[in-house]
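> Here's a structure for you.
Every number in this text was worked out from the coordinates using simple rules, so none of it is lab data. Just so we're clear, the structure is a prediction, and the values are computed from it rather than from any experiment. For neighbour counting, all protein chains shown are included, and Cβ atoms are generated from backbone atoms with ideal geometry for every residue, glycine included.
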Amino acid sequence: MQIGPLIYVVLVGIVAIAALALTGYISLGNPLATSTVTTTAGNATTASTTIAANATTLPTTSVFLNKCQSKNATEIVPAGDFSSGTYGGWHTTGPGFGSAPMNISYANSHGAYYGAPWRGYDGNFAATNYQVGLSVQTGTLSSGQFEVTEPFLNFKIISPSSDQIYVEILQGSKSSKYWYNTYAAPGNINASTTFVNASIPLLDTSFFCQNVSIRVVAGAIGTTSNLNYIAVGDFYLSRIPRSTPGILVNQSFT
């Protein structure tokens, strides 16, 4: 029996396996790692990206989103949660939203709500044109500009159905408006003071990878028996929507 040729065959096999391993290398060191596998067929080259279900980052060469896509699962909107107790880079017109956001803890402890204590909010400060008691004022609240690097804008909102109360996304002369009726949210009790989730899709619009701003418009006040006010906050960008079903009434694009 000849040993030399057998050893030669084994060595060739090892080299071949090593070459294949290097060609199709996938990192096993990090269970959250993202792997991109590229295959070539004829003159065509295709890439497929697999993302771990619990991964917190996206690959920089995503095959389904623009190159400006953030690596993070979420991105903040500057001063989007009003956590400083001020409007920060946001500005107001008219008396509606006052000079500062509402302190929810203070409002609840002092009975400054309409019907029932405020609930459903993640932070402690929210913007509203409700001015305690039966007082509601009209006005607008606008953010500074920020880059859209995620496909969804998520936020908390309380809003009745009114064509004069809406949230708007602005980019140059372009605008998209969104009207909500959070009172229609399934199982919503004490709807006038219960925040629900809303999401605005941005990926399929011309806003993605652009600098935009948010404008909240409160143009109606209703009557003492049916106050029309809006309350918003906790704005942030995300890969996934978090909207409560059934609350979007209408939308327009100009």
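> Round to a whole angstrom and tell me the spacing of the C-alpha centers of the stretch 70-143 and the stretch 152-221.
14 Å
> On to the next question. Determine ³J(HN,Hα), in whole Hz, for all residues of the stretch 196-202 in sequence, where each value follows from phi through the Karplus function 6.51 cos²θ - 1.76 cosθ + 1.60 and θ = phi - 60°; x replaces Gly and Pro.
Using θ = phi - 60°, the values come out as 10, 8, 10, 9, 10, x, 10 Hz.
> Between LYS71 and GLU147, what is the label-to-label distance in nm when each label sits 7 Å out along the Cα-to-Cβ direction?
1.4 nm
> Something else now. Can you list residues from other chains, or at least 5 along the same chain, whose modelled amide H is less than 5 Å from the amide H of MET102?
Sorted by chain and number, the residues that satisfy this are ALA126, ALA127, THR128.
> Which lysines have a Cα less than 18 Å from the Cα of LYS177, not counting those fewer than 8 places away in the same chain?
Of all the lysines, those that pass the test against LYS177 - Cα under 18 Å, at least 8 places apart if same chain - are LYS156.
> Roughly what would the spin-label model give for LYS174 and HIS91, points 7 Å off Cα along C-beta, in nm?
Using points 7 Å along Cα→Cβ, the separation is 2.3 nm.
> With each label point set 7 Å from Cα along the Cα-Cβ vector, what nm distance links SER84 and HIS110?
My value for the distance between the label points is 2.2 nm.
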